[in-house]
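Undergrad: One structure follows; several queries about it will come next.
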Amino acid sequence: PTPAPTADDGAFSLVQPIPTPTPEQQHTIDGLGASLGKFGVHLLWGVTGSGKTEVYLRLIERVLASSHDATAIVLVPEIALTPQTSGRFVARFGPTVAVLHSGLTPKQRAQGWKRVQRGEARVVVGPRSAIFAPLAGLALVVVDEEHDASYKQDQLPRYHGRDVAIKRAQLAQCPVLLGSATPSLESWLNATDQSKSASRSTLWKLKTRATGASMPSVRVVDMREEQRLRRAAPGPQGAGTLRLLGPTLEHALHATLEKGEQAMLLLNRRGVARRLHCTTPACGYVLMCEHCDSALVLHASSIAPAGSIVRCHHCNKDQRVPSACPGCKGKLHSLHAGTQRLEDEIERSFASMGLVRGSTLLRLDADSMGSMRDYFRTLSSFARGEARVLIGTQMLAKGLDFPLVSLVGVLDADTSLAMPDFRSCERTFQLLSQVSGRAGRAARAGLVIIQTHTPQMPVIGFAQRHDFAAFADSELRTRWEAQLPPFTRFAHIVCRDEDVEAATAAADTIASALRHEAEANPACQARVVGPAPCLLARVHDQFRVGVEVYAAQASALQGLLQGLRARGLLKSDAKTAVDVDAVDVA
């Protein structure tokens, strides 16, 4: 059998007393328990730390007790979250749990799959692919952190794990439970839409934290003012010093370490610097990838001196940094620092307080994690309190539970807001709310400091007040006025070719055909946008030209696409990508 995650192999071993459900939890457990045995979609909206996982565990207990062959599936958004979540399920249900994910060896995956097939495992925990586990007698499907974009597979076959979970529950005639502190607007609208006689799903609420702890205090600091304070500081801390931590967050981190507590710092950019550009005003050269329309990112590397490698985050090509600007031989300057530079800065600033890279100071991002064992080892070390500060990208916002964390710092809240995507505000709110929820989950009061250059943005204010309902109402009004999802259905079609003219011509043919189909079927209320170069116009030497099509209903959208398929004008292949309900339009 596939061994359960343990502290010995770098995962989590969580043998803890089973908590008594709060009145809110018990009401939800009883209500959802009454729905077992019939299909229904249920949305569990609970604030961070409200005990959604305990609700899942109690419901699965009822499922396993109801019949000797009843089974359940629990989906988590990413492998990075699997060790902690699976540890709780293994601690509660023992060897009847199978953990399935791509971080296992082929032999481990095969063993786990066979255990499920033979009926030895009755509870399956894993990322999106776990929804296909060969369980018989399926009685409950849980999708934790249902809002997470990683549930969408962006390569063929393109599917959304949450939507497949709903369909599989329907086929099995069992309930599906979608859980999140920040539900996707699609799921939220399905549960709260008052314009229909009956909502598509049932809403359950957990409004308070299970431990009785209050939500963390959130302080928004304007980085323009922080930079002014930094310039006015005397000595080496003042003018001319590039610092990622503003004075407010720096002082809070110092106080946290003095108290022996832990901190998490989010910077959603990898590397040492986001790009290199020439400082000569007449030149302005930016070091770009020769295969992609993307700036190269400065990285430190173990195989070369620090800061001597630049990497493309799309094709992963590395090259050495030129000694001077290739255009004018001027000096190259770095902009927009990432997690590697933050790690350097914190180690320099707090070495006297015992922060040492790799032991008491850890980094969690795609560059530092070479294998799943690295993920598990890093998270386990931080969970045991051996590491005091954890730096990372958006992985930190996944539903991790560390009771010693009292401070969370968001280094640049504007990163996702700058993306030209209609979901940018939604993703920003989700990221800020989720990472804020890592603070103050036990007896210690939590403090969150959000550094931003745009404190006036409404989404920042909503996140500061932990007010998801108000944010959702505001964002849904904007989406309705613009007739964007979730009020319409959306498909993103990308034509790719090494010849930009060929890619443009193919996209133009598809756009023209779609417009013709839409005009011939006015009831579908469709509109076609494009063709136009994608946000990332070239990747791996392939030029990318996109077409967007919106329709009032899913059936209308599918009808339009099917019409083009029947005429041989639309096919998902090496040259054309068709993504229905796309979550990424880059």
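The values are calculated or read from the model by the stated rules, or taken from the named source; none is laboratory data. Bear in mind the structure is a predicted one, so any value in this text is a computation, not a measurement. Using ideal geometry, Cβ is built from the backbone for each residue, glycine included, and neighbour counts are taken over all protein chains shown. For the accessible areas, the whole protein counts, side chains as well, though only heavy atoms, and no ligand, DNA or RNA atoms are used. Shrake-Rupley method; radii C 1.70, N 1.55, O 1.52, S 1.80 Å.
Undergrad: When the accessible area of segment 64-145 is computed with all protein chains present and a 1.4 Å probe, what percentage of it is carbon and sulfur? Walk me through the intermediate numbers first.
TA: Values: 1630 of 2990 Å².
On segment 64-145, the fraction of accessible area on carbon and sulfur atoms equals 54 percent.
Undergrad: Then there is this: Find how much the distance from residue 251 to residue 316 grows on full extension, using 0.36 nm per residue of separation minus their present alpha carbon separation; answer in nm with one decimal. Walk me through the numbers on the way to the answer.
TA: Values: separation 65, 0.36 × 65 = 23.40 nm, distance 3.68 nm.
That works out to 19.7 nm of additional length.
Undergrad: With unit charges on the beta carbons (Lys and Arg positive, Asp and Glu negative) and the dipole taken about the Cα centre of the chain, which residue among 121, 100, 210 sits farthest to the positive side?
TA: It is 121, whose Cα lies furthest towards the positive end.
Undergrad: Can you work out the base-10 log of I(q)/I(0) for the chain at q = 0.11, 0.12 1/Å, using the Debye formula on its C-alpha atoms alone?
TA: Summing over Cα pairs of the chain leads to -1.17, -1.38.
Undergrad: With each run of n ≥ 4 DSSP H residues scored as -39500 (n - 2.57), what mean residue ellipticity at 222 nm is computed for the chain after dividing by its residue count and rounding to the nearest 500 deg cm²/dmol?
TA: Working: 15 runs with 185 residues, N = 586.
About -10000 deg cm²/dmol.
Undergrad: Can you find, among 46, 90, 25, the residue sitting farthest towards the positive end of the charge dipole of segment 25-113, where Lys and Arg contribute +1 and Asp and Glu -1 at Cβ?
TA: 90
Undergrad: How would segment 462-586 be classified by its alpha-carbon gyration tensor: rounded, prolate or oblate, with rounded meaning a/c under 1.5 and the a/b versus b/c comparison settling the rest? If you can, show how the numbers build up before the last one.
TA: Values: a/c = 2.72, a/b = 1.42, b/c = 1.91.
Judged from the Cα gyration tensor, segment 462-586 comes out oblate (a/c at least 1.5, b/c at or above a/b).
Undergrad: Tell me the label-point distance for the pair residue 373, residue 211, using the 7 Å Cα-to-Cβ offset, in nm and rounded to one decimal.
TA: 3.2
Undergrad: Could you do me a favour and compute the accessible area per residue for the chain, 1.4 Å probe, result in Å²?
TA: Values: 25320 Å² over 586 residues.
I get 43 Å² per residue for this part.
Undergrad: Hey, quick one: spin label on residue 474, modelled 7 Å out along Cα-Cβ, who in segment 437-451 has an amide N within reach, i.e. under 18 Å?
TA: Under 18 Å, as judged by backbone N against the label point of residue 474, lie 450-451 of segment 437-451.
Undergrad: Which is farthest toward the positive dipole end of the chain among 480, 535, 351, measuring Cα position about the Cα centre, with Cβ charges +1 (Lys, Arg) and -1 (Asp, Glu)?
TA: Selected residue: 351.
Undergrad: Can you order the peptides 567-574, 290-297, 221-228 by their average number of other Cβ atoms within 10 Å per residue, highest first? Spell out each step's value before the answer.
TA: Details: 567-574: 11.9, 290-297: 18.6, 221-228: 15.6.
Ranking, from highest mean packing down: 290-297, 221-228, 567-574.
Undergrad: Given a 1.4 angstrom probe, I'd like the percentage of the accessible area of segment 469-586 that is carbon and sulfur, rounded to a whole number.
TA: On the way: 2920 of 5650 Å².
The computed percentage sits at 52.
Undergrad: Follow-up question, since we're still on this one. Please turn the phi angles of segment 354-361 into ³J(HN,Hα) values with the Karplus equation 6.51 cos²θ - 1.76 cosθ + 1.60 (θ = phi - 60°), one per residue in order, whole Hz, x for glycine and proline.
TA: Whole-Hz 3J(HN,Hα) from phi for segment 354-361: x, 7, 10, 4, x, 10, 8, 10.
Undergrad: May I pose another question? With a ≥ b ≥ c the root eigenvalues of the C-alpha gyration tensor of segment 35-175, is it rounded (a/c under 1.5), prolate (a/b larger than b/c) or oblate?
TA: Working: a/c = 1.20, a/b = 1.03, b/c = 1.16.
Here segment 35-175 falls in the rounded category.
Undergrad: Can you give the charge dipole size of the chain about its Cα centre, rounded to the nearest 20 debye, using +1 on the beta carbon of Lys and Arg and -1 on the beta carbon of Asp and Glu? Please list the in-between numbers first.
TA: Values: 66 positive and 56 negative charges, 151 e Å.
Computed about the Cα centre, the dipole is about 720 debye.
Undergrad: Ignoring ligands, DNA and RNA, what percent of the accessible area of segment 398-454 is carbon or sulfur (1.4 Å)?
TA: On the way: 1000 of 1540 Å².
In segment 398-454, the share of accessible area belonging to carbon and sulfur is 65 percent.
Undergrad: Does segment 138-190 come out rounded, prolate or oblate, given a ≥ b ≥ c as the square roots of the eigenvalues of its C-alpha gyration tensor, rounded meaning a/c under 1.5 and, failing that, prolate meaning a/b above b/c? Write down the numbers at each step before the final one.
TA: Working: a/c = 1.98, a/b = 1.11, b/c = 1.78.
Note, shape of segment 138-190 comes out oblate.
Undergrad: Can you compute the charge dipole magnitude of segment 95-200 about its Cα centre, using +1 on each Lys and Arg Cβ and -1 on each Asp and Glu Cβ, nothing else charged? Give it in debye, rounded to the nearest 20. Please report the intermediate quantities before stating the final value.
TA: Working: 14 positive and 9 negative charges, 114 e Å.
Computed charge dipole of segment 95-200: roughly 540 debye.
Undergrad: Normalised by the number of residues in segment 121-164, what is the relative contact order in percent for Cα pairs under 8 Å and 6+ residues apart?
TA: Working: 23 pairs, mean separation 16.7, N = 44.
About 38 percent, as a whole number.
Undergrad: Below 8 Å, C-alpha to C-alpha, sequence gap of six or more: please give me the relative contact order for segment 431-586 in percent.
TA: Values: 201 pairs, mean separation 39.1, N = 156.
Once divided by the residue count of segment 431-586, the mean separation gives 25 percent.
Undergrad: If you count, for each residue, the other Cβ atoms within 10 Å and average over each peptide, how do 438-446, 388-396, 101-109, 454-462 line up from highest to lowest?
TA: Ranked from most to least packed, the peptides come out as 388-396, 438-446, 454-462, 101-109.
Undergrad: If r is the Cβ-Cβ distance from residue 114 to residue 324 and R0 is 41 Å, what FRET efficiency results, to the nearest 0.05?
TA: Efficiency, rounded to the nearest 0.05: 0.10.
Undergrad: Would you mind calculating the relative contact order of the chain from Cα pairs under 8 angstrom and at least 6 residues apart, reporting the percent as a whole number?
TA: Values: 1138 pairs, mean separation 80.7, N = 586.
Once normalised by length, the contact order is 14 percent.
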